[in-house]
Amino acid sequence: MKFINNPTHDLTYDDVFMVPSSSEISSRMEVDLTSNDGSGTTIPIVVANMTAVSGRRMAETIARRGGIAVIPQDIPLEIVKDVISWVKSRHTFFDTAITLSPNETVADAVGLLNKRAHGAIVIVEENKPVGIVTEEDCAGVDLTSWL
């Protein structure tokens with residue numbers, strides 16, 4: 001972080017405003033989080049308390065890998081309670097599947113496929129799985145067609 005003026009006292013979260021700026025990195029996929037202490041960790045230990053960063057899925061993923069996600073302070077307490085309960089109820093090893101219903105479009109599926117490393121979406125109808133969609137299934141298909 002770069003300061004315009006050097007602070008003469010300690011700062012808190014509410015005392016600073018971060019201004020976005022450009023970077024040499026063109027994609028977040030280029031970021032290498034491998035620590036230099038030889039521990040082998042490649043994930044953040046703590047995830048920021050920003051609404052766009054530390055949501056339900058990120059909290060689940062980080063918790064599964066031993067980290068902690070700080071839930072944003074601008075979210076109502078009832079929703080925070082629901083998110084924490086949901087994360088704690090997730091399986092400690094297996095990722096929670098991304099699901100869509102059969103009346104969703106191929107474009108909806110394509111938009112979600114990169115959200116998990118396995119690249120698959122489970123199609124669910126009346127709380128029962130009825131199929132799986134992968135990137136290969138969506139190749140060359142009209143994006144407005146139904147799953």
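Taking every DSSP helix (H) stretch of at least 4 residues in the chain, weighting each as -39,500 (n - 2.57) and dividing the sum by the residue count yields a mean residue ellipticity at 222 nm of -6000 deg cm²/dmol.
In plain terms, the chain from ASP137 to LYS2 could stretch by 43.9 nm, reckoned as 0.36 nm per residue minus the Cα-Cα distance. Considering only ALA120, GLY40, VAL19, and ranking their Cα positions along the charge dipole of the chain that arises from unit charges at the beta-carbon of Lys, Arg, Asp and Glu, the one farthest toward the positive end is GLY40.
The Cβ shell under 13 Å around ASN103 holds other residues with a net charge of -4, Lys and Arg each +1, Asp and Glu each -1. About its Cα centre, the dipole of the chain is roughly 440 debye, where the only charges are +1 on Lys and Arg Cβ and -1 on Asp and Glu Cβ. With neighbours defined as other Cβ atoms within 10 Å of a residue's Cβ, the residues THR12, THR61, THR42, THR99 order from fewest to most as THR12, THR42, THR99, THR61.
For the stretch 99-138, the Cβ-based charge dipole about the Cα centre amounts to some 180 debye (Lys, Arg positive; Asp, Glu negative; other atoms uncharged).
Taken along the Cα-to-beta-carbon direction at a fixed 7 Å, the label points for VAL124 and ASP95 span 1.6 nm.
The Kirkwood hydrodynamic radius of the stretch 29-89, based on inverse pair distances between different Cα atoms, is 12.5 Å. For the stretch 29-89, a crude dipole built from +1 on the beta carbon of Lys and Arg and -1 on the beta carbon of Asp and Glu, taken about the Cα centre, is about 260 debye to the nearest 20. Here the relative contact order of the stretch 87-147, from alpha carbon pairs under 8 Å that lie six or more residues apart, stands at 38 percent.
Given R0 = 30 Å, the distance between the Cβ atoms of ASP14 and VAL110 translates into a calculated FRET efficiency of 0.15. Each part gets one Cα centre, and for the stretch 13-81 versus the stretch 98-147 those centres are 27 Å apart.
Here the peptides 130-141, 14-25, 62-73 are ranked by packing, the mean other Cβ count within 10 Å, and the order with the highest first is 62-73, 130-141, 14-25.
A cut-off under 14 angstrom between Cβ atoms defines the neighbours of GLY119, and their net charge, with Lys, Arg +1 and Asp, Glu -1, is -2. Extending 7 Å from Cα along the Cβ direction at ALA48 and again at ASN36 yields two label points whose distance is 2.2 nm.
The mean sequence distance of close C-alpha pairs (under 8 Å, at least 6 residues apart), as a share of the length of the chain, puts its relative contact order at 14 percent.
The residues TRP146, TRP86, when put in order of fewest to most other Cβ atoms within 10 Å, stand as TRP146, TRP86. Using a basic spin-label model with each label point 7 Å from the Cα along Cα→Cβ, how many nm lie between SER23 and LYS81? Taking the two extended label points, one gets 3.6 nm.
With viscosity 0.890 mPa s and temperature 25 °C, the Kirkwood radius over alpha carbon pairs of the stretch 99-138 converts through Stokes-Einstein to a diffusion coefficient of 243 µm²/s. Set Lys and Arg Cβ to +1 and Asp and Glu Cβ to -1, take the dipole of the stretch 89-131 about its Cα centre, and tell me which of PHE93, VAL106, VAL130 lies farthest positive. Sorting the options by dipole projection puts first PHE93.
Readers should treat all values here as calculations from the given coordinates under stated rules, not as data from a laboratory. All of these numbers come straight from a predicted model, not from anything done at the bench. Cβ atoms come from the backbone with ideal geometry, glycine included; neighbour counts cover every protein chain shown.
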